[in-house]
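Nothing in this text is a laboratory measurement; each read-out follows from the coordinates by a stated rule. In this text, all values refer to a predicted model and were calculated from it rather than measured experimentally. Every residue, glycine as well, gets a Cβ built from its backbone with ideal geometry; the counts of neighbours run over all protein chains shown.
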Amino acid sequence: MSGRVLLVLLLSLYLTVGSVQSQGSSQDAFIIQYLERRLAQMEERLNHCEQNTVGVTQKTYDLSSEIRGYLSTLSVVRSEVKSLVDSVSVRVDRVERELEYLENKIPTQSDIEMEEALLEQQIKAAEQDLQKKKAKIKVEKDCSTALSQIKSLKIVKRTGDTSGSWFKDPSEGSAKVYLLSGIRNNTLLEYVSLQSFTERTTAPPAKVVQLPFHWQGTGHVVYNGFLYCHKADTPNQILKVDLLNGTVVDSTLLPGAGRLPVYSLNSNTYLDMAVDELGLWVIHADPEYGGNLVITKLDKGTLAVEYTWDTQCRSRDAEGAFLICGTLYVVYNTRYGGRSTIQCLYDIHDTIHSDESPVIFFPKRYTSHSSIHYHPGDKQLYAWDDGYQTIYKVETRRHDQVTAE
C-alpha cells in the first residue's frame, strides 16, 4: 500500500514539475524544491512506520508463543495438583482408618495407671540398685584420705620418647616398675625394682614384653600383674593382658568413651587408666557433657562397669589426672608448658568440693606431663615429664582436715 501511495506522489510530482518547467519561472523552481523536501520527509516517515509495523507484528507473535507455553505449563501443573489432591485424599482415608483402629486398641484408663505404677516400681528398683553399687564402693575400704600438697620433686631418669608412661604395680608386695615409651607401640619394659630401673648400666631390663597388638596413648596401668591399656585403632576398647605370657585375657568397650581426647594437652590419649585405694578406674572426656571428664569404676577381674560419675572438671587445658581414695584430681597447664596446677577435683563421696579447696601447685618445673600415675602404697606420683621419669612425693590428710583448711 505504501508503494502505491509513493507512485501516485511521484506521478503528481512529475506532472507538477513538467508544468512548472514549462512556465520557467524562478518562483516555481523554489516551490518544486520545497515539494521535493516534503516528499523526502514523507518517504522517511513511511519507512519508519513500516519498520514499526514489522516490530509490533514480531512482538505480537512472540507474546502469542509465550502465552501458549504458559498455557501448556499450566495444564501440566493442573494435572499434578489434581494427582496430589487425589493422593492426599487417599492418605486421609487411610489415616481415618488407622485412627479408628487405634481407638479400638487404646487401653482403658485403669490399664494405663497400672502400667505407670509398674514403671515407677522399675525405676525405683534401678535407682536402689545403683545406690547399692555406689554404697558398696564407699564402704569397701575405710578411705578418708585427701591430697593436701605436693611436697617434693625427684627426677629419676631420662629415657625413651618425649611422651610415655611409667609406674609401679600398686598391688601389695610388688616392687616391679614398668615403662611404655611413646604414644603407640607394642613393647613393654619390666624392671624388678626402682633401683634396677635407675641403674645407669648397659644391661638390658629384666624383661621385654612384646604384645600381640599396639597400645595407644599414655593412660596405661599395671595392677596385680596385669596390664590394662587402650588398644590402638579402636575408639574405646580396653584390654587386660597377662604379663606372664603377654596374652589378652579379657576386654571391654567403655560406653560413651573415645570421642574426645581425655585431656586437650595430650591429644593422643583417649582413655586414662588409674588405680587408687578403691581399685581400678578409667577417666575419659564426654562431648555430651560439654567435654567434661567422666570417671568410671571397673571391676579389675571382669572389667565390668561398677559405676560412672559425670564431673564438672573440664578437659580443656588439662594434661593429666589421678585419683586418691575416690577423689579425682585434674592437673592443668598451658600449651607452651608451664607450672602444673591442680584446679579441679571431684569426690565420689561428696565430702570435699572443688570450690572449697585451694589450688595445689606442683614444684617449680616449667614443662608439661604426658602421664601422671598415683601409687596408693608409696603415696607418690609417677610422672613422665617431657621425657624425664619423675617422682612427686605427696602429702595426704583426712577429708575433714583438708576441708577445715
With 0.36 nm assigned to each residue of separation and the Cα-Cα distance removed, LYS379 to SER72 gains 101.7 nm
Expected unfolding gain across GLN312-ILE155 under the 0.36 nm per residue rule, minus the alpha-carbon gap, is 53.3 nm
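If you take all C-alpha pairs in the range 260-398, what percent of them are over 26 Å apart? Write out the running numbers ahead of the final one.
Values: 1569 of 9591 pairs.
Of all Cα-Cα distances in the range 260-398, 16 percent exceed 26 Å.
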Return the distance in nm (one decimal) between the two label points of a simple spin-label model at ASP62 and LYS393, each offset 7 Å from Cα along Cα→Cβ.
-> 9.8
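When you count, for each residue, the other Cβ atoms within 10 Å and take the mean per peptide, how do 318-325, 345-352, 164-171, 175-182 rank with the highest first? Don't jump to the answer; show the numbers that get you there.
On the way: 318-325: 25.2, 345-352: 18.2, 164-171: 23.4, 175-182: 20.5.
Ranked from most to least packed, the peptides come out as 318-325, 164-171, 175-182, 345-352.
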Roughly what would the spin-label model give for THR187 and LEU253, points 7 Å off Cα along C-beta, in nm?
-> 3.3
Once the Cα gyration tensor of the range 43-89 is diagonalised, what are the square roots of 5 times its eigenvalues, in whole Å and ordered largest first, as equivalent ellipsoid semi-axes?
-> 45, 5, 4
Along each principal axis, Cα extent of the range 142-404, largest first, Å = 50, 39, 38
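Which value results for Rg/Rh of the range 165-266 when Rg is the Cα radius of gyration and Rh the Kirkwood radius based on the inverse mean 1/r? Don't jump to the answer; show the numbers that get you there.
Values: Rg = 14.1 Å, Rh = 14.4 Å.
Here the Rg-to-Rh quotient is 0.98.
Once the piece of chain linking ALA175 and LEU119 is laid out straight, how much longer is it, given 0.36 nm per residue of separation minus the C-alpha distance between them? Please report the intermediate quantities before stating the final value.
Details: separation 56, 0.36 × 56 = 20.16 nm, distance 5.19 nm.
Roughly 15.0 nm would be gained on extension.
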Once both label points are put 7 Å beyond Cα along the C-beta direction, the VAL92-ALA304 separation in nm becomes 5.8
